[in-house]
Structures are given as C-alpha cells and as structure tokens.
Amino acid sequence: MTAVAVQPLACFGEGRADKLKRGFQYERPVSDDAELLQRIRNGAQEEFAELVRRHQSHVFAILYRYEKDHHRLEDLAQDTFLKAWRSLAQFDGRAPFQHWLSKIAVHAALDHLRKQKRTQKEIGFPELGEDALDWLHNDNKQTDLDASQAREILAGAMRKLSPEDQLVLTLLEIEDRSVKEISALTGWSAVTVRVRALRARGRLKKALEGLEKK
Amino acid sequence: MKESKLNELFTAAKSETPAAPPEGFAFLVMQQIQRNPARPELSASDLLGMWFPRLAMVAAAVIAICVISDMVSSSNAPSLTESAAQLSEPLVAEN
C-alpha cells in the first residue's frame with residue numbers, strides 16, 4: 001500500500017514528537033477509496049490505477065469461478081474495470097466501492113456466461129479425467145475429491161445449466177454468499193434467488209447424473 | 001445423486017485457489033482507459049433511469065394530494081344526487 005510522510009503533530013506527545021524530529025516518519029495509508037474517488041472526479045485520472053491495484057485480487061477471485069482460461073480471465077477483469085471507470089459518475093458512495101465493483105464483476109460474469117452459451121455449439125458432456133470419473137461412480141466416501149477434480153466435474157455439469165443457474169449456484173454454494181448478498185449483487189429479489197437456487201440445484205443434480213451414466 | 005455427494009462436490013470446489021492478477025495489470029487497465037480517455041456522459045436512458053423513481057414518487061404524491069383535496073372539498077358540498085334532485089325538481093313541478 002502506498003504511504004506518505006506526514007508532519008509531526010503536537011497531539012502525539014513528546015516521545016512521539018521527538019521521534020518525528022529525529023527523522024522517524026509516521027506512515028499512514030494515502031487515502032481510503034472515497035478520497036481516491038474524489039480525486040479521480042476532480043480530474044486525477046491516474047489515481048484510478050491505485051483503485052485497480054487495491055481491488056484487482058478481489059475481482060479476479062470473483063471472475064475465476066466463471067472463466068478458467070487465464071487470458072480470457074484477464075480480458076474479463078479488464079472489462080470489469082473499464083465498465084467501472086465508465087460508470088464512475090453513477091457511483092453514489094452509499095455502499096463501499098468494493099461492493100459496487102463486485103456487482104459490476106458479477107454482471108460481467110453473467111454476460112460472459114450468456115455469450116459462452118450462445119457460441120457453444122453442442123452441449124455434450126466433456127471428457128472427464130479418470131479420478132473425477134472414479135469419484136462420480138463411487139458412492140462410498142473412500143474416494144477423495146480435490147479442488148481441481150471438483151472444478152472439472154462442476155464445469156462439465158454446469159455447461160448444461162442456464163447462465164443464471166450457473167451464477168446463482170456459484171454464488172450461493174461455492175462462494176458461500178447469503179441470499180441477501182446475491183440479491184444485492186444480481187438485482188434479483190430474494191424470492192427469485194431462493195427459487196432459482198433450488199431449481200438450479202435440481203438441474204445440476206440431473207446433469208451430474210448424466211455425467212455419471214456417460 | 002445423493003445430496004451429501006453434491007455437498008462434497010461444492011466443498012471441494014470452495015478450496016480452489018483463485019488466479020492472481022498478473023504483474024502490471026493496473027497498467028494495462030490504464031492503457032485501455034487512455035485509449036478512450038473521456039468518461040462518457042450519462043445517456044438519456046441513464047438519466048431517465050436515475051430520475052424515474054423520483055418522478056414516480058412525485059407523481060404519486062401529486063395524485064394523492066389531488067384525491068385528498070377532492071375528498072375534503074366534496075365532503076362540505078352537497079352530493080351529486082342532491083344536486084341532481086335540486087335541478088330536476090323544477091322540471092318535475094312543471095310537468
């Protein structure tokens with residue numbers, strides 16, 4: 001995090017003031033997001049880079065659930081920040097900047113899933129690795145499943161679902177977000193989120209059964 | 001497929017480590033922004049979208065005020081039936 005040196009303050013007391021006189025520099029974060037945003041609004045466009053640096057990991061963490069290819073993921077993240085830049089005038093500061101950015105990222109992910117669905121020619125099941133197939137066919141708990149295998153299986157089954165179903169399941173079951181949070185992120189009502197999640201879970205189960213039979 | 005197996009799948013997927021942003025990602029974003037430096041002004045539909053809830057509230061308030069004032073003013077005045085009866089009385093008397 002970037003930091004700046006500040007002038008000694010009387011309220012620090014003598015010990016602290018002495019330290020400051022001796023050249024000790026007290027450091028504090030440059031500013032919070034609201035301050036940075038104000039500066040951007042006042043014309044300091046280059047400050048947006050600092051906002052990007054602060055929130056890039058968060059945006060990548062959201063988008064990674066929907067796109068595994070690193071180049072496409074990077075494009076998606078860039079697109080998210082560009083959208084945020086273009087809509088900065090609409091950010092009213094009532095919610096933290098990160099919440100607002102998450103909303104943009106989630107909508108970018110949904111658009112991406114919709115585009116994928118449109119361009120997806122055949123909706124067949126993908127080839128699964130041996131370990132993933134083993135886990136699918138074994139009903140006992142002896143077969144352990146690691147994250148990459150789970151990702152492989154889920155990616156295969158999720159292809160059968162609508163973009164909205166994929167989104168709601170990812171947010172609710174994998175990211176562990178609450179219905180209220182999902183509702184805020186997507187703009188859907190809480191009832192819609194609950195119903196959609198329930199139905200999506202059922203459809204995912206069917207898709208997984210399809211994978212099992214394959 | 002059993003519920004427990006589905007839950008196991010979700011639990012395993014949760015532990016996946018997300019990809020880290022590449023070095024210089026912020027720089028790439030800033031390059032993109034510099035190619036289109038101007039933040040586009042709000043379009044007419046954006047403005048409508050921003051103003052519509054307020055306009056709707058104002059319109060609802062105006063309608064409510066009109067309805068209330070009409071009810072208040074008509075409570076002191078004679079009712080429509082009475083007025084009609086008054087008007088028709090001379091006609092009935094003539095016949």
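We did not get these values from a lab; they are worked out from the coordinates using the rules stated. These numbers were taken from a predicted model, which means no experiment stands behind them. Positions of Cβ are generated from backbone atoms using ideal geometry, with glycine treated the same way; all protein chains shown enter the neighbour counts.
Scanning the stretch A:47-71 for residues that are closer than 18 Å to A:R151 by Cβ and either part of a loop (DSSP other than H, G, I, E, B) or at the interface with chain B (Cβ under 7 Å from one of its Cβ atoms) (or both) yields A:F60, A:A61, A:Y64, A:R65, A:Y66, A:E67, A:K68, A:D69, A:H70.
Given the residues A:F97, A:F91, A:F48, A:F60, which is the only one that is buried (at least 16 other Cβ atoms within 10 Å of the Cβ), within 12 Å of B:F25 (Cβ to Cβ) and either within 12 Å of the chain's Cα centre (by Cα) or among the aromatic types (F, W, Y) (or both)? Checking each option against the conditions leaves just A:F60. Inside the stretch A:67-94, residues that are in contact (Cβ under 8 Å) with a residue 60 or more places away in the chain and small (G, A, S) make up a count of 0. What are the residues in the stretch A:68-81 that are surrounded by fewer than 21 Cβ atoms within 10 Å (Cβ to Cβ) and closer than 18 Å to A:T186 by Cα, if any? A:D79 - this is the single residue of the stretch A:68-81 that is surrounded by fewer than 21 Cβ atoms within 10 Å (Cβ to Cβ) and closer than 18 Å to A:T186 by Cα. Selection within the stretch A:72-111: residues that are of a type in the set (K, R) and outside any loop (DSSP other than H, G, I, E, B). The member of this set that is farthest from A:R39 (Cα to Cα) is A:R72. The residue pairs whose first member lies in the stretch A:49-66 and is without any contact (Cβ under 8 Å) to a residue 60 or more places away in the chain, whose second member is part of a helix (DSSP H, G or I) and of a type in the set (S, T, Y), and whose beta carbons are closer than 6 Å, counting only pairs six or more residues apart or on different chains, are A:V59/A:T80. Test B:T11 against the stated conditions and say whether it is surrounded by 11 or more Cβ atoms within 10 Å (Cβ to Cβ), within 14 Å of chain A (Cβ to nearest Cβ), closer than 30 Å to A:A150 by Cα and among the β-branched types (V, I, T). Here the answer is yes, as B:T11 does meet what is asked.
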